[in-house]
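Before any comments, here is the structure.
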Amino acid sequence: MIIDNLSNLDKYTSLHKDFKLVSDYLKTHNLAELECGRHELRGNEVFFNLQEYQTKPVQKLEAHRKYIDIQVPVTGEEYMGYTNIENTSITEQYSEEKDVMFLNGSVDKIKADYKTFLIFYPQDAHMPALCEDKPMRVKKAIFKIKK
């Protein structure tokens, strides 16, 4: 898992051939102005889901196998739970179609806002959309990059 300031995303483009595509897209598009839904950068290889939701005190812990997530909060702020997948147990088996499995485990919480990005690899179990005190409305882009 990587968390950093969004202005530093270019420093991570050497980690995967398609991270530069995401970084370049973010430099040339205002995510706040886009409609929610799926946006393709290169078919099923690189795309993002733009979502709006209310944060909650508890969410499901999840992990993926086929895709790396780059999560970019656009408005609002949320906490993300994180742990290595080795520290979890499976509560819902992996769905090949949805590329997700749900897990149980203790997490460390990380605060994320419009200035940050988070990269979650398949070994990174994560619990998005958490609130600390009061629920907050959040708009976030979840870039999916085929590993």
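Taking segment 117-131 as the range and being farther than 17 Å from Leu15 by Cβ and not in a loop (DSSP other than H, G, I, E, B) as the test, the residues that pass are Ala125, His126, Met127, Pro128, Ala129, Leu130.
Residues in segment 114-147 that are open to solvent by less than 10 Å² (accessible area, probe 1.4 Å) and of a type outside the set (A, V, I, L, M, F, W, C): Asp124, His126, Lys140. None of Lys134, Lys56 is in contact with a Pro (Cβ under 9 Å, 6 or more places away or on another chain), farther than 22 Å from Tyr12 by Cβ and of a type outside the set (Phe, Trp, Tyr) except Lys56.
For beta carbons closer than 7 Å, sequence separation of 6+ or different chains, a first residue in segment 1-12 that is within 17 Å of Tyr121 (Cβ to Cβ) and a second that is open to solvent by less than 60 Å² (accessible area, probe 1.4 Å) and in a helix (DSSP H, G or I), the qualifying pairs are Ile2/Tyr12; Leu9/Ser23; Leu9/Leu26; Tyr12/Phe19. Criterion applied to Gln71, Gln51, Gln93 was being assigned to a strand (DSSP E or B) and loosely packed, with under 12 Cβ neighbours inside 10 Å, and the one residue passing it is Gln93. Tallying residues that are surrounded by 16 or more Cβ atoms within 10 Å (Cβ to Cβ) and in a strand (DSSP E or B) within segment 54-68 yields 5. Exactly one residue out of Lys98, Lys111 is loosely packed, with under 14 Cβ neighbours inside 10 Å, part of a strand (DSSP E or B) and modelled with pLDDT of 95 or more: that is Lys111. Taking the criterion of being open to solvent by less than 50 Å² (accessible area, probe 1.4 Å), of a type in the set (A, V, I, L, M) and in a helix (DSSP H, G or I), the residues of segment 7-45 that qualify are Leu9, Val22, Leu26, Leu31. In segment 74-90, of all residues being assigned to a strand (DSSP E or B) and within 25 Å of Tyr25 (Cβ to Cβ), the one that is nearest to the chain's Cα centre (by Cα) corresponds to Met80.
The values are calculated or read from the model by the stated rules, or taken from the named source; none is laboratory data. Keep in mind the model is a prediction, meaning the values are calculated, not measured. Neighbour counts run over all protein chains shown; Cβ positions are idealised from the backbone, glycine included. What goes into the accessible areas is simple: the full protein's heavy atoms, side chains included, and nothing from ligands, DNA or RNA. Shrake-Rupley method; radii C 1.70, N 1.55, O 1.52, S 1.80 Å.
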